[in-house]
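Student: Just dropping this structure here.
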Amino acid sequence: MVGKAAAGSTGGGDEAQGGHISAEARINERIRAPEVRLVGPKGEQIGIVSVNDALKLAQEADLDLVEVAPTARPPVCKLMDYGKFKYESAVKARESRKNQTQTIVKEIKLRPKIDPHDYGTKKGHVERFLKAGDKVKVTIMFRGREQSRPELGFRLLQRLAGDVEELGFVESQPKQDGRNMIMVIGPHRKKSETKAHTAGQAQNRSVPSPRAAAPAAPEPAASEPAADGAAVPGPA
């Protein structure tokens, strides 16, 4: 093998180790550089070698030569099973997308002089949204002369935040927005945690009780028939 001693990488530590691989990486005969900085399949530094020698090593090891840092001088290449790498990367990306949860912002609208029954109903909606892991945008709508009394809306928002503080926290403080006053309440528990908690509760409910069923009481033994010749008591 025609090689040179490994020198300091010009492409950065991660690139020299083959840490980042482009989705459109050049492999094998598609690599155009005359020489490359070669990294072994376990991340070991082999050094700067000609691309032909690198291809021979890849063929002998039944692996691919993958250009992992094309902008380095010389480019960094790594010996690996490229098909296996792409498959594992696709699986990881799919699992990552599956575990991602989209944050949903629900909205509740109130009037400054809301009656107690309606307030209880609205508060129940807020509690349900927070339990599900969603944020809640609470909007106080002012009409007519109510616009001159913003403190009514502020006190109502403070009251609501205090009533649901066990489930959520004020993420965005009350602020005036035209004729409305807006506050955002975020859940203490993230949506992914809420789903995991709900799934755990469902699993616990489906597990049968370890307590064994009580054995049934034995039936009374049937009376045996009288033996032949034995006297059978009759009526007095």
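Student: Identify, please: which residue in the range 1-55 is charged (D, E, K, R) and modelled with pLDDT under 70 and is, among those, nearest to the chain's Cα centre (by Cα)?
Tutor: For the range 1-55, the residue satisfying everything is Asp14.
Student: I've got another one for you. Name every residue in the range 34-87 that is closer than 20 Å to Glu24 by Cα, free of Cβ contacts under 8 Å to residues at least 60 places away in the same chain and β-branched (Val, Ile, Thr), in order of residue number.
Tutor: If the condition is that a residue be closer than 20 Å to Glu24 by Cα, free of Cβ contacts under 8 Å to residues at least 60 places away in the same chain and β-branched (Val, Ile, Thr), then Val36, Val39, Val51, Val66, Val68 are the ones that fit.
Student: Take the conditions surrounded by fewer than 18 Cβ atoms within 10 Å (Cβ to Cβ), small (Gly, Ala, Ser) and not in a helix (DSSP H, G or I) and apply them to Gly83. Does it pass?
Tutor: So Gly83 does not fit the description; no.
Student: Kindly indicate the residue of the range 148-177 that is in contact with a strand residue (DSSP E or B) (Cβ under 8 Å, 6 or more places away or on another chain) and in a loop (DSSP other than H, G, I, E, B) and also surrounded by the fewest Cβ atoms within 10 Å (Cβ to Cβ) among those meeting that condition.
Tutor: That would be Leu167.
Student: How many residues does the range 40-69 hold that are touching a Lys or Arg at 6+ places or on another chain (Cβ under 7 Å) and more than 14 Å from Tyr82 (Cβ to Cβ)? Even if it seems obvious, please write down each step before you answer.
Tutor: Taking the range 40-69 first, the residues touching a Lys or Arg at 6+ places or on another chain (Cβ under 7 Å) are 47-48, 66-68.
Checking which are more than 14 Å from Tyr82 (Cβ to Cβ) leaves us with 47-48.
Going through the range 40-69 one residue at a time, the tally reaches 2.
Student: With the condition kept exactly as written, say whether any residue in the range 56-69 is of a type in the set (D, E, K, R), part of a helix (DSSP H, G or I) and at pLDDT below 90.
Tutor: Among the residues of the range 56-69, not one is of a type in the set (D, E, K, R), part of a helix (DSSP H, G or I) and at pLDDT below 90, which makes the answer no.
Student: In addition: From the residues in the range 124-147 that are within 28 Å of the chain's Cα centre (by Cα) and assigned to a helix (DSSP H, G or I), which one is surrounded by the fewest Cβ atoms within 10 Å (Cβ to Cβ)?
Tutor: The qualifying residue surrounded by the fewest Cβ atoms within 10 Å (Cβ to Cβ) is Gly124.
The values are calculated or read from the model by the stated rules, or taken from the named source; none is laboratory data. Just so it is clear, the model here is predicted, and its values are computed rather than measured. Cβ atoms come from the backbone with ideal geometry, glycine included; neighbour counts cover every protein chain shown.
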